[in-house]
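Please read the structure below before turning to the comments.
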Amino acid sequence: MNILITGGAGFIGAHLCRQLLKQGNRIVCVDNFELGSRNNVEDFLKNPHFSLIEGDASQIDFLDSIMAQNETEMVFHMAANSDIQKSAISPEIDFVNTFSTTYSVLEAMRRNKIKKLFFASTSAVYGEKTGCMLSENTGDLSPISYYGGAKFASEAFISSYSYMNDFDVTIFRFPNVIGPGLTHGVIFDFIRKLKNDSTRLEILGDGTQRKPYLYVMDLVDAIQKVSLSGEKGVHIYNIGVEDATTVKEIADMVCKKMGCNGVQYLYTGGNRGWKGDVPQFQYDLTKIHKWGWYPQYTSHEAVEKTLDSVLQ
């Protein structure tokens, strides 16, 4: 199959490219390298079935041309700003990199009569619903971050474009995804801070923030299993693990792995890391489990494996 992956040189996108290539697909990767890196795709850069194009996925004509030239049959739209703290300072980042890229993908697909799409959404579309088990049918979606709002708006545009153009779409609402190649987030932040000062560690919030962490290869396995199944219509899935890990537990694991003993934890206070951060959420995973998919690693195990890969 001829596949276009936006954000394909990013953390998750590169792992997805690698696995789809192993299945014999022809991959065109588009990335602007703001968060992605050529290093992430270095091991398959010379694969004759892989092409890497640097460019802005928010530009419709640019994507239109690529889809036409490569006879694209399916799009995996992974491009977005995934650094929520960064966009909290500059909302335009999410308008351009998260929402506008989605609109451009949809319009370019319409022009080229491409019918199949995978979209990487997020738990942030639900907003803050502490104590509530979140299913795909949970109503009153009220994002509290610019990132969540841009993904929510993207899902709405996908719904309308799909109806008007008979698209078949798989949408995964990601939790916190970690693993080899991670570029930001709490694990990355703690490692950086401890390398600068191994005696103390600033922890945003009070350390009780508790979230499910999904290992990236478990995610890629689920993406392939569901999105390539030929399912018709638009289908939304929560994707994740049953357990969760607190920020304090991650700090303890990082300190242990780095051999930092007696570290003083300095909490900034409050029950969240920053404005727009959802401190806790829990998914109902019944729908994805009906596919026979279950993660290989728990949240804690995903953190441990990520630390092993980052600190090796």
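Coordinate-derived values only; no laboratory data. A quick note: this is a predicted structure, and the numbers were derived from the prediction, not measured. Here the Cβ is made from the backbone with ideal geometry for all residues, glycine too, and neighbour counts use every protein chain on show.
With N set to the number of residues, divide the alpha-carbon radius of gyration of segment 1-157 by 2.2 N^0.38 Å and report two decimals. Before the final figure, lay out the partial values.
Working: Rg = 15.9 Å, N = 157, 2.2 N^0.38 = 15.0 Å.
Taking N as the residue count of segment 1-157, the ratio is 1.06.
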Original post:
For the chain, what are the per-bin percents of Cα-Cα distances with bins 10 Å wide, up to the bin holding the maximum?
Top reply: 6, 27, 36, 22, 7, 1, 0
Subject >> Shape box of segment 39-88 [Cα atoms, principal axes, largest first, Å] >> reply: 39, 29, 17
Original post:
Leaving out same-chain residues fewer than 8 places away, which lysines sit with a Cα under 17 Å from that of K193?
Top reply: K248, K256, K257
Original post:
For the chain, what's the relative contact order in percent, using C-alpha pairs closer than 8 Å and at least 6 residues apart?
Top reply: 18
**OP:** Grab the DSSP H runs of the chain that are 4 residues or longer, score each as -39,500 (n - 2.57), total them, divide by all residues and round the 222 nm result to the nearest 500 deg cm²/dmol.
**Re:** -11000 deg cm²/dmol
**OP:** Return the long-range amide H neighbours of G8 (sequence gap of 5 or more, or a different chain), with a cut-off of under 5 Å between placed amide H atoms.
**Re:** V30
Original post:
If one computes the Cα centroid of segment 58-126 and of segment 145-213, what distance in Å separates the two points?
Top reply: 16
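From the alpha carbon gyration tensor of segment 172-312, can you work out the equivalent ellipsoid semi-axes (sqrt of 5 times each eigenvalue) and give them in Å, largest to smallest?
Details: eigenvalues 192, 54, 25 Å².
Square roots of five times the eigenvalues give 31, 16, 11 Å.
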Original post:
How would you order 54-62, 177-185, 94-102, 226-234 from highest to lowest mean count of nearby Cβ atoms within 10 Å?
Top reply: 94-102, 177-185, 54-62, 226-234
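For the chain, give me the percentage of DSSP beta bridges that are antiparallel, rounded to the nearest 5 percent.
Working: 2 of 43 bridges.
Close to 5 percent.
Decide, for segment 92-166, between rounded, prolate and oblate: order the square roots of the alpha carbon gyration tensor eigenvalues as a ≥ b ≥ c, take rounded if a/c falls under 1.5, and otherwise choose prolate if a/b is larger than b/c, else oblate. If you can, show how the numbers build up before the last one.
On the way: a/c = 3.06, a/b = 1.65, b/c = 1.86.
Taking the square roots of the gyration eigenvalues as a ≥ b ≥ c, segment 92-166 is oblate.
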